[in-house]
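Participant: The structure's right below; bear with me while I get my questions together.
Computed from the coordinates by the stated procedures, all read-outs in this text should not be read as laboratory data. Please read all numbers here as calculations on a predicted model, not as lab measurements. Methodologically, a virtual Cβ is constructed for each residue, glycine included, from the backbone with ideal geometry; neighbour enumeration extends over all protein chains shown.
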Amino acid sequence: MEALSTAIHQPASVPKRAVARCATFLSVVLALASVLTPSGGAGAQEASLEYVIKAAYLYKFTPFIEWPASAFPTPSSPFKVCVSGADPFGASLDQVLAGHAVGGRPVRVLRLQAASQADGCQILYADGSRAEAEAALNRVKGAPVLTVTEQSLGLKGAVVQFYVKNGHVRFALDPAAAAANGVVISAKLLSLAAALQAES
C-alpha cells in the first residue's frame, strides 16, 4: 500500500513527539484505506485508494481544526462535509464518515449541484473544472469553512490542497487562507505536516 506524506509552505522545528503522532495519524488513515478499498481492476483500485485516503484525511483533519461558533446556525446543527463539482469519492466518503460526529455534531455529507449551495458547509471539497472549483472557493471566501481542493487545478486560496507525487498522496496547508476564513489550524497539525515532509 502506498505511503503517505505531506508538504507545507513554511518549515517548522518538529519535536520527536510530533513524529510519533505522525505515525499514529498515518496508521489510522492507512487502516481506513485498507478496509474501504473496493475490488476491481488494478487501475480502478489505484484511483479508488487515492480518494479513500483523501476521504480519510478529511475526517482526520477535524480534531486539528477549530471552527468558530458562528460556523453553525444552531447548537444542534450538523457538521457538514460538502463536495462541489465532480464527486471523485463515490461511496468512500460516506463510508469513512458514517456514524461519526465532530464536536458532538453528527456528520452529514452533501453533494452540491451549484456553488451557491456551499453556504453553511464546514468542510468544502471543491473539484470539477477549474471554473467550478474557483466559483465554490469564492462563494465561501471569508466564511468559516475548511476549503480543500486539488493542487492540479492551479487555484489559490484553499486551506488544503491535495496532490499526488511519486505515487504518494500529499497535502499542502495554507495557514493564511485558514486565517482569512476564520478557522484555526492547530500547531499539532502543522507539526505533523512538517514532520511528514521531513520524512518523505
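Participant: Evaluate the distance, in nm, between pseudo-label points positioned 7 Å from the Cα of residue 101 and of residue 117 along their respective Cα→Cβ axes.
Facilitator: 2.7
Participant: Sorted by packing (mean other beta-carbon atoms within 10 Å per residue), highest first, where do 55-62, 147-154 land?
Facilitator: Descending packing order for the listed peptides: 55-62, 147-154.
Participant: Which order do peptides 94-106, 126-138 fall in by mean Cβ count within 10 Å, highest first?
Facilitator: Top of the packing list down: 126-138, 94-106.
Participant: Counting other beta carbons within 10 Å of each Cβ, put 185, 65, 123 in order, fewest first.
Facilitator: With the sparsest Cβ surroundings first, the list reads 65, 185, 123.
Participant: In nm, to one decimal, how far is the modelled label at residue 69 from the one at residue 91, with both set 7 Å along Cα→Cβ?
Facilitator: 4.1
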